[in-house]
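Visitor: Here it is: the structure, laid out below.
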There are 2 protein chains.
Amino acid sequence: MAARTKFVLDEDQIPTQWYNVIADLPEPPPPPLHPGTLQPVGPDDLAPLFPQALIGQEVTTERYVDIPGEVLDVYRLWRPSPLYRARRLERALGTPARIYYKYEGVSPVGSHKPNTAVPQAYYNAAEGVGRLTTETGAGQWGSALAFACATFGLECEVWQVRASYDQKPYRKIMMETFGATVHPSPSDVTASGRAVLAEHPDSTGSLGIAISEAVEAAAPDPNARYALGSVLNHVLMHQTVIGEEALKQFELAEDVPDVIVGCTGGGSNFGGLVFPFLREKMAGRMSPVIRAVEPAACPSLTRGRYAYDFGDTAGLTPLLKMHTLGHDFIPDPIHAGGLRYHGMSPLMSHIYELGLVDAMAVGQQDCFAAGVRFARTEGIIPAPEPTHALAACVQEALRCKETGEEKAILTALCGHAHLDLPAYAAYLTGDMVDNELSDTTLEASLAGVPAGVS
Amino acid sequence: MAARTKFVLDEDQIPTQWYNVIADLPEPPPPPLHPGTLQPVGPDDLAPLFPQALIGQEVTTERYVDIPGEVLDVYRLWRPSPLYRARRLERALGTPARIYYKYEGVSPVGSHKPNTAVPQAYYNAAEGVGRLTTETGAGQWGSALAFACATFGLECEVWQVRASYDQKPYRKIMMETFGATVHPSPSDVTASGRAVLAEHPDSTGSLGIAISEAVEAAAPDPNARYALGSVLNHVLMHQTVIGEEALKQFELAEDVPDVIVGCTGGGSNFGGLVFPFLREKMAGRMSPVIRAVEPAACPSLTRGRYAYDFGDTAGLTPLLKMHTLGHDFIPDPIHAGGLRYHGMSPLMSHIYELGLVDAMAVGQQDCFAAGVRFARTEGIIPAPEPTHALAACVQEALRCKETGEEKAILTALCGHAHLDLPAYAAYLTGDMVDNELSDTTLEASLAGVPAGVS
């Protein structure tokens, strides 16, 4: 037979445990702090928002956590996801590098987000919760939670950033098809939404406002909880099914990655792919370079400050030690909505500080150039977010072409662009700019990071 | 392990031959006729439009045709497609039936269309053709051909029905991302387009007009050919990879289908799934009921006339013996754009006349009810076209619930709805009607079928 294009696992090879990288780190990440007392937050502080099982997973030091059978049953709808060898892209680039991509766009909503939405909905349902609230910006997380809630019979209520609600009607329809209720944010159904609307009746919203609304709608209702799609430890842990499968698929390919690249917004897609490889690296069984790729318009790792800051704009969340651009930072409206977050997951930030991964920032024109090249060779039109990883992958592959190095490059392709195609239209018609973050803007937004907490 | 959810084949199990059902039929389908001479059309008549290899496949009586290695290499990007057991849907329906679906939405453009777009582009490229033209209504075929042309370095020019061009901008962007040029039809770049615009400057177009434009743009140019996405024998034959894989997957499942349902527009998705099963049925190795499901708004098999008629509205094509609603029939704008065609593939029509398959028509509200139920259990939001098959599948499963019969039902799920979500919004908000074809309208359009040809 011809050279293999994809490495497929049977459904009995879906991982049965999530991997908790914290167990293998030389030191644990700094804890979240209560903004009033500046003491680490405890389970009681989080109980109005999250079910006990997830609070336990957030702080566990166990190396592995069993995946419940009910969650595995849903994972089976699309997992294991395929690992591809990008032979057509390699040929087009004329590179001696071997390029692999782990493709999460096969999930029902077209991204990696259901890997954590499903267990989050499951644990809530198991503890008798009847309703989940959340926010969504690009719409991928909201779609995933809507699907997961349909699966376990939970009500789902989503606050979608107004600009996204208006510009991405397909995302809203997808959520409603799964049975969710979708509000534009700011909305008139919460006090925080009404407060914003009173001052700015035409507000197009922000992720920060939407978080406030979703939290406000859940906290006082004993039947409701809140769900978050990235940033937190348990979310990144749920995503490790990606990397565990990829490890098995590299065995099938009889290969070992030399470089792993993934895009980072909150950090969950990247962490999900790389943590199992990081385990192997820390154990000395392989030595890949692991590289986070972020937008030049929102470069939290490469240009942010490592400090305690709020997770939301309104300052309602605990203080998180992370790479931050300042919690009132408003990123330019680049098309990779899933990467427009002012902070980086505390766990990923910590790992970066430990020197275990490196990072780079790219402008969105290079990203879409890589996305179009990928589409015309591999057939899949990548979501705006993973075009960042592809841009870095193409760079690395072209470097190999110059040096003659036959490196194996692994790329996280976390979703397709079917619901984000207008971004490609903007690129193809030349209406796209890079929106690199200016020093002045960065300085101004960093001024909002709380002082005197370290 | 738990009961299996999907049956996955490795890429070395992609079929290496297409199956030509004509070889096994008791008699061949009646040939297309030249509208002037009323004699069967010969290869020379077709040479300006199609490459020799495809003309040969259109008339071959060989049982199997080898799939070129270059085509298999591209099929590997998404094939073999999965066969699913719809356990969650079965539970929701409370049926003793076993429901399976063969899912073609894993292709780069989200439907079964690339199965034939890829070989069509390949054979044209192999014969030195530099440019392909085509029409597209719903946009699925145009997207598939754009992808296939990118793969083999061909220029691709698509005439997209104006109404679809305006309402489905995402489809156009997808085609352009693959490098195609897309014209709204009627356009001012062809004589037939200009003629329509002169009389109706605001024309929203029709598939018939778009076919005329694409044919006109290809026929006089020795560097160009035309491509069709359904109806013809070679197109249906290319789609048999679907059924051949499904047969192997049923072996894995250790099961045999009792009922097979698929939706029919031009007939290629249905034919592709059922022909290999029909071979097994004609050979006495299994005995499934095989059922075509069509929209009540466009019921060519169940209410059309079996007669020689034109394939396009303008009457430029050969006369085809088929179930037709009349070549100037304008179907109501139901959301399943892929099923809005006045005729049925001559091959499928012939097989229906032989009594080898049966047919039914369903209204689109029942279809979308089945689509939403499917999305909320199985996770995949089905394209409007295969909701017709799902409606029939749900009917059959509920019949089994009444009778206690434990039938195995196989459904063709030919694509997802990511680019057709507004149809779901129309259903969810109650703005959807069935648009059943009236007797008066049918009678009027049948009056246009050429008389005296049989």
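Visitor: How many of the residues making up the stretch B:32-49 are surrounded by fewer than 16 Cβ atoms within 10 Å (Cβ to Cβ), not in a helix (DSSP H, G or I) and not small (Gly, Ala, Ser)?
Guide: Of all residues in the stretch B:32-49, those surrounded by fewer than 16 Cβ atoms within 10 Å (Cβ to Cβ) come to B:34, B:36-40, B:42-45, B:47-48.
Narrowing further to those that are not in a helix (DSSP H, G or I): B:34, B:36-40, B:42, B:47-48.
Of the ones still in play, those that are also not small (Gly, Ala, Ser) are B:34, B:37-40, B:48.
Residues that pass the stated criteria total 6.
Visitor: For A:Ala148, only one of the following conditions fails: (1) hydrophobic (A, V, I, L, M, F, W, C); (2) part of a helix (DSSP H, G or I); (3) closer than 23 Å to A:Gln249 by Cβ. What is its number?
Guide: Just one mismatch for A:Ala148, condition (3).
Visitor: Here's a check for you: in the stretch B:423-440, which residue that is open to solvent by 30 Å² or more (accessible area, probe 1.4 Å), touching a residue at least 24 places away in the same chain (Cβ under 8 Å) and not acidic (Asp, Glu) is nearest to the other protein chains (Cβ to nearest Cβ)?
Guide: Step one: list which residues in the stretch B:423-440 are open to solvent by 30 Å² or more (accessible area, probe 1.4 Å), which gives B:427-431, B:433-436, B:438-440.
In the following step, the residues that additionally are touching a residue at least 24 places away in the same chain (Cβ under 8 Å) were identified as B:427-428, B:433-436.
Next, only the ones that are not acidic (Asp, Glu) stay: B:427-428, B:433, B:435.
Working: B:Tyr427: 9, B:Leu428: 6, B:Val433: 19, B:Asn435: 21 Å.
Across the stretch B:423-440, the extreme among qualifying residues is B:Leu428.
Visitor: Checking B:Val372 against (1) open to solvent by less than 10 Å² (accessible area, probe 1.4 Å); (2) within 14 Å of another protein chain (Cβ to nearest Cβ): exactly one of these is not met. Which one?
Guide: (1)
Visitor: Yes or no: the stretch A:263-271 includes at least one residue that is outside any loop (DSSP other than H, G, I, E, B), closer than 19 Å to A:Ala383 by Cβ and among the hydroxyl-bearing types (Ser, Thr, Tyr).
Guide: We begin by selecting, within the stretch A:263-271, every residue outside any loop (DSSP other than H, G, I, E, B); these are A:263, A:268-271.
Next cut, closer than 19 Å to A:Ala383 by Cβ only: A:263, A:268-271.
Checking the rest, the ones that are also among the hydroxyl-bearing types (Ser, Thr, Tyr) come to A:268.
Within the stretch A:263-271, one or more residues are outside any loop (DSSP other than H, G, I, E, B), closer than 19 Å to A:Ala383 by Cβ and among the hydroxyl-bearing types (Ser, Thr, Tyr).
Visitor: Is there a residue being open to solvent by 20 Å² or more (accessible area, probe 1.4 Å) and closer than 30 Å to A:Ser454 by Cβ anywhere in the stretch A:100-112?
Guide: no
Visitor: Go through the stretch A:142-182 residue by residue and tally those that are farther than 23 Å from A:Leu421 by Cα and over 22 Å from the mean Cα position of the chain (by Cα).
Guide: The total comes to 6.
Visitor: Just to be sure, is B:Asp328 more than 19 Å from the chain's Cα centre (by Cα), open to solvent by 10 Å² or more (accessible area, probe 1.4 Å) and closer than 30 Å to B:Leu428 by Cβ?
Guide: Against the criterion (more than 19 Å from the chain's Cα centre (by Cα), open to solvent by 10 Å² or more (accessible area, probe 1.4 Å) and closer than 30 Å to B:Leu428 by Cβ), B:Asp328 does not qualify.
Visitor: Identify all residues within the stretch A:195-246 that are open to solvent by 10 Å² or more (accessible area, probe 1.4 Å), closer than 30 Å to A:Lys6 by Cα and not in a helix (DSSP H, G or I); write none if there are none.
Guide: A:Ser230
Visitor: Among the residues of the stretch B:343-352, are any surrounded by 24 or more Cβ atoms within 10 Å (Cβ to Cβ), within 23 Å of B:His112 (Cβ to Cβ), touching a residue at least 40 places away in the same chain (Cβ under 8 Å) and in contact with a Cys (Cβ under 8 Å, 6 or more places away or on another chain)?
Guide: no
Visitor: Which numbered condition trips up A:Ile334, out of (1) at pLDDT 95 or above; (2) assigned to a loop (DSSP other than H, G, I, E, B); (3) of a type in the set (Val, Ile, Thr)?
Guide: Evaluating A:Ile334 over (1) at pLDDT 95 or above; (2) assigned to a loop (DSSP other than H, G, I, E, B); (3) of a type in the set (Val, Ile, Thr) leaves (1) as the failure.
Visitor: Another one. So B:Gln52 fits all but one of (1) open to solvent by 30 Å² or more (accessible area, probe 1.4 Å); (2) away from every other protein chain (no Cβ under 12 Å); (3) more than 25 Å from B:Val129 (Cβ to Cβ); what number is the exception?
Guide: Condition (3) is where B:Gln52 drops out.
Visitor: Shifting gears a bit: Go through the stretch B:151-181 and report how many residues are more than 10 Å from every other protein chain (Cβ to nearest Cβ), part of a helix (DSSP H, G or I) and at pLDDT below 95.
Guide: Result for the stretch B:151-181: 6.
Visitor: Let me ask something else. Collect the residues in the stretch A:92-145 that are touching a Leu at 6+ places or on another chain (Cβ under 6 Å), of a type in the set (Phe, Trp, Tyr) and closer than 18 Å to A:Phe270 by Cα, keeping them in residue-number order.
Guide: A:Tyr100, A:Tyr101, A:Tyr103
Visitor: Scan the stretch A:289-317 for residues that are assigned to a loop (DSSP other than H, G, I, E, B) and either under 23 Å from A:Cys367 (Cα atoms) or open to solvent by 40 Å² or more (accessible area, probe 1.4 Å) (or both) and jot them down.
Guide: Step one: filter the stretch A:289-317 for residues assigned to a loop (DSSP other than H, G, I, E, B), giving A:296-299, A:304, A:311-317.
Scanning the stretch A:289-317 gives A:Ala296, A:Ala297, A:Cys298, A:Pro299, A:Gly304, A:Thr313, A:Ala314, A:Leu316.
Visitor: Identify, please: which residue in the stretch A:60-80 is away from every other protein chain (no Cβ under 11 Å) and farther than 13 Å from A:Thr16 by Cβ and is, among those, least open to solvent (accessible area, probe 1.4 Å)?
Guide: We begin by selecting, within the stretch A:60-80, every residue away from every other protein chain (no Cβ under 11 Å); these are A:60-68, A:71.
Filter once more, keeping what is farther than 13 Å from A:Thr16 by Cβ: A:60-63.
Working: A:Thr60: 27, A:Thr61: 106, A:Glu62: 117, A:Arg63: 101 Å².
Per the stated criteria, the residue is A:Thr60.
Visitor: Within the stretch B:363-417, restricting attention to residues that are acidic (Asp, Glu) and out of contact with any strand residue (DSSP E or B) (no Cβ under 8 Å at 6 or more places or on another chain), which residue is nearest to B:Pro333 (Cα to Cα)? Please lay out each step first, then the result.
Guide: Within the stretch B:363-417, the subset acidic (Asp, Glu) is B:366, B:378, B:385, B:396, B:402, B:405-406.
Checking which are out of contact with any strand residue (DSSP E or B) (no Cβ under 8 Å at 6 or more places or on another chain) leaves us with B:366, B:402, B:405.
Values: B:Asp366: 16, B:Glu402: 35, B:Glu405: 38 Å.
Within the stretch B:363-417, the match that is nearest to B:Pro333 (Cα to Cα) is B:Asp366.
Visitor: May I pose another question? Report, by residue number, each residue of the stretch A:316-340 that is hydroxyl-bearing (Ser, Thr, Tyr) and in contact with a helix residue (DSSP H, G or I) (Cβ under 7 Å, 6 or more places away or on another chain). Spell out the reasoning first.
Guide: Step one: list which residues in the stretch A:316-340 are hydroxyl-bearing (Ser, Thr, Tyr), which gives A:317, A:324.
A:Thr324, the sole residue that qualifies.
Visitor: Could I ask something else about it? Can you tell me which of (1) out of contact with any Pro (no Cβ under 9 Å at 6 or more places or on another chain); (2) within 14 Å of chain B (Cβ to nearest Cβ); (3) open to solvent by 10 Å² or more (accessible area, probe 1.4 Å) is the one A:His416 doesn't meet?
Guide: Result: A:His416 passes all but (1).
Visitor: Now, a different point. Which is free of Cβ contacts under 8 Å to residues at least 60 places away in the same chain and open to solvent by 10 Å² or more (accessible area, probe 1.4 Å), of A:Met286, A:Met282? Full working, then the answer.
Guide: Numbers: A:Met282 fails: free of Cβ contacts under 8 Å to residues at least 60 places away in the same chain.
Selected residue: A:Met286, the only one of A:Met286, A:Met282 that is free of Cβ contacts under 8 Å to residues at least 60 places away in the same chain and open to solvent by 10 Å² or more (accessible area, probe 1.4 Å).
Conditions tested, residue by residue: (1) within 21 Å of B:Asp332 (Cα to Cα); (2) open to solvent by less than 10 Å² (accessible area, probe 1.4 Å); (3) modelled with pLDDT of 95 or more.
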site: B:Ala125; (1), (2), (3): no, no, yes
site: B:Gly130; (1), (2), (3): no, no, yes
site: B:Gly137; (1), (2), (3): yes, no, no
site: B:Ser143; (1), (2), (3): no, yes, yes
site: B:His183; (1), (2), (3): no, no, yes
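Visitor: Which of the residues spanning the stretch A:1-29 are open to solvent by 40 Å² or more (accessible area, probe 1.4 Å), more than 14 Å from every other protein chain (Cβ to nearest Cβ) and in a loop (DSSP other than H, G, I, E, B)?
Guide: A:Pro26, A:Glu27, A:Pro28
Visitor: Kindly evaluate A:Val118 against the criterion of being at pLDDT below 95 and either crowded, with 24+ Cβ neighbours inside 10 Å or more than 22 Å from A:Gly415 (Cα to Cα) (or both). Steps first, please.
Guide: Working: at pLDDT below 95: no; either crowded, with 24+ Cβ neighbours inside 10 Å or more than 22 Å from A:Gly415 (Cα to Cα) (or both): yes.
No, not satisfied.
Visitor: Still on this structure: Does at least one position in the stretch A:12-31 carry a residue that is among the acidic types (Asp, Glu), within 30 Å of A:Tyr100 (Cβ to Cβ) and over 24 Å from the mean Cα position of the chain (by Cα)? Break it down stepwise before answering.
Guide: First pass over the stretch A:12-31, keeping only residues among the acidic types (Asp, Glu): A:12, A:24, A:27.
From what's left, within 30 Å of A:Tyr100 (Cβ to Cβ): A:12, A:24.
Then drop every residue that is not over 24 Å from the mean Cα position of the chain (by Cα), which leaves A:12.
So far as the stretch A:12-31 goes, yes, one or more of its residues are among the acidic types (Asp, Glu), within 30 Å of A:Tyr100 (Cβ to Cβ) and over 24 Å from the mean Cα position of the chain (by Cα).
The values are calculated or read from the model by the stated rules, or taken from the named source; none is laboratory data. Keep in mind it's a predicted model, so treat the numbers as computed, not measured. Every residue, glycine among them, receives a Cβ derived from its backbone with ideal geometry; neighbour counts consider all protein chains shown. Only protein heavy atoms, including side chains, enter the accessible area calculation; ligands, DNA and RNA are left aside. Shrake-Rupley method; radii C 1.70, N 1.55, O 1.52, S 1.80 Å.
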